[in-house]
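Undergrad: There's a structure below that I have some questions on.
The values are calculated or read from the model by the stated rules, or taken from the named source; none is laboratory data. The shown structure was predicted, so the numbers you read here are calculated from the model rather than taken from an experiment. Note that each Cβ is placed from the backbone with ideal geometry, even for glycine, and that neighbours are counted across all protein chains shown. Side chains included, ligands, DNA and RNA excluded: accessible areas come from the protein's heavy atoms. Shrake-Rupley method; radii C 1.70, N 1.55, O 1.52, S 1.80 Å.
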Amino acid sequence: MITDLDERVHPVEHDSEHWSDSLYFNAWDPASNVFLLTRIAVLANQSRVTAGVLAWRDGAPTYGYGREHEGPAPGDWDVMQIGGLSYRMEQACQRWLVQLDDPDTDSRAYLTWNGFTGCFPYDRNPTTLPKAVAWGHYEQTCRVTGDLVVRGERIPFDGVGQRDHSWGFRDWAGLREWHWVTGFFGTEVSFNVFHVVQPDGTITVNGFVHADGEDHTIVAVTRDTDETGTGAPQAYHLDIDVEGGRRFSVDGMSAGQEVPVRPHAGDTVVHEVPMRLRCDGRDGFGIYELL
């Protein structure tokens, strides 16, 4: 079970400069076709905190915000603010508030993530998430509501999204690729898949599918991904097998321009691409993160 203590910043357990404790939120509003993601990472061994927001509208990146804080984290995860971006835990394992105030671009946000699934820890899967990715990780799917202002335009927000908490260090040189794929089909069905390929070819699969009011542990995934010339995902098919023998088949197609992110000084590139989805007769939305 994930508890209030898990929702806090975790103790540093390694001297790697990449040791990180991070929170990530994403959300999609079908009425406005806005998709956004935001992340804050505490890099304790660097005495630094990074924060950012990315937003797409109708598939085009329309807004970006990034700030850094030098020094120890200015709070715990119950309240964390970096620049004009703040996260606030209103109820552990259930409800979080994300606020943004960016007067330079007349952009603001007041959005609440209210979980309709449990917090699913990745150590519940048959295979363990490699420590080169994270030492601990959990996910939750949420209803997302509130107000968003992008460059002066107010957008009432009523959609779905996900949040995760991850801690440990990323050994960028110790990974071949990862495929972090999420999707939501209203509040009826959602999924999260982390498909990691290590340098020796070993594949690990973690995540869950939420359906029929329950969170189902993933036991196996068959994945087929089409990539662009730059290495960004443009389409995919997943067959997701969960405990009990049920299979979910998901097809995804790029719904927007990729945003490539370089997480460190090396050659690693993480491609972020919003996706239109189809699963068992349902239409949905999500994001594909390909390293």
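Undergrad: Among GLU90, GLU177, GLU70, which one shows the highest mean-square fluctuation when the chain is modelled as a Gaussian network with alpha-carbon springs under 10 Å?
TA: GLU70
Undergrad: So between ASP78 and ASP123, what do we pick up on full extension, going 0.36 nm a residue minus the alpha carbon distance?
TA: 13.8 nm
Undergrad: Considering only the other residues whose Cβ falls under 10 Å of the Cβ of GLY84, what net charge follows from Lys and Arg at +1 and Asp and Glu at -1?
TA: Computed value for this residue: -1.
Undergrad: In whole Å, what three semi-axes, largest first, describe the equivalent ellipsoid of the range 139-291 built from its Cα gyration tensor (square root of 5 times each eigenvalue)?
TA: So the equivalent ellipsoid measures 24, 22, 15 Å along its semi-axes.
Undergrad: Measuring from a point 7 Å past the Cα of ARG282 along Cα-to-C-beta, which residues in the range 204-222 have an amide N at less than 20 Å?
TA: 206-222
Undergrad: For the pair ASP104 and ASP171, how long in nm is the line joining their label points, each one 7 Å along Cα→Cβ?
TA: 3.7
Undergrad: GNM, the chain, Cα, under 10 Å: largest mean-square fluctuation among ASN45, ASN26, ASN192?
TA: Of the options given, ASN45 has the highest mean-square fluctuation.
Undergrad: Report the calculated FRET efficiency for MET1 and ARG247 (r = Cβ-Cβ distance, R0 = 30 Å), to the nearest 0.05.
TA: The calculated FRET efficiency here is 0.65.
Undergrad: Next up: Any chance you could look up the accessible area of ASP212 with a 1.4 Å probe, heavy atoms only, rounded to 10 Å²?
TA: 120
Undergrad: TYR65 accessible area, nearest 10 Å², 1.4 Å probe?
TA: So the heavy atoms of TYR65 present about 20 Å² to solvent.
Undergrad: Moving on. Would you mind working out the magnitude of the charge dipole of the range 131-282 relative to its Cα centre, with +1 at each Lys and Arg C-beta and -1 at each Asp and Glu C-beta, to the nearest 20 Debye?
TA: Charge dipole of the range 131-282: 300 debye, to the nearest 20.
Undergrad: Which residues does a label at ASP226 reach in the range 238-261, if reach means a backbone N under 12 Å from a point 7 Å past the Cα toward the Cβ?
TA: Those under the cut-off are 252-254.
Undergrad: Another question, if that's okay. Largest first, please: the extent of the C-alpha atoms of the chain along each principal axis, to the nearest Å.
TA: Dimensions of the chain along the principal axes of its Cα atoms: 48, 45, 41 Å.
Undergrad: On to the next question. Once you list every other residue whose beta carbon is under 11 Å from the beta carbon of ALA41, what net charge do they have if Lys and Arg are +1 and Asp and Glu are -1?
TA: Surrounding charge for ALA41 is +1.
Undergrad: If each residue of separation counts as 0.36 nm, what is the full-extension length gain between HIS264 and GLN91 once their alpha-carbon separation is subtracted?
TA: Fully extending the segment from HIS264 to GLN91 adds 59.0 nm.
Undergrad: If the elastic network links every pair of Cα atoms under 10 Å, which of GLY229, GLY186, GLY213 fluctuates the most in the Gaussian network model of the chain?
TA: Comparing GLY229, GLY186, GLY213 in a Gaussian network model of the chain, the most mobile one is GLY229.
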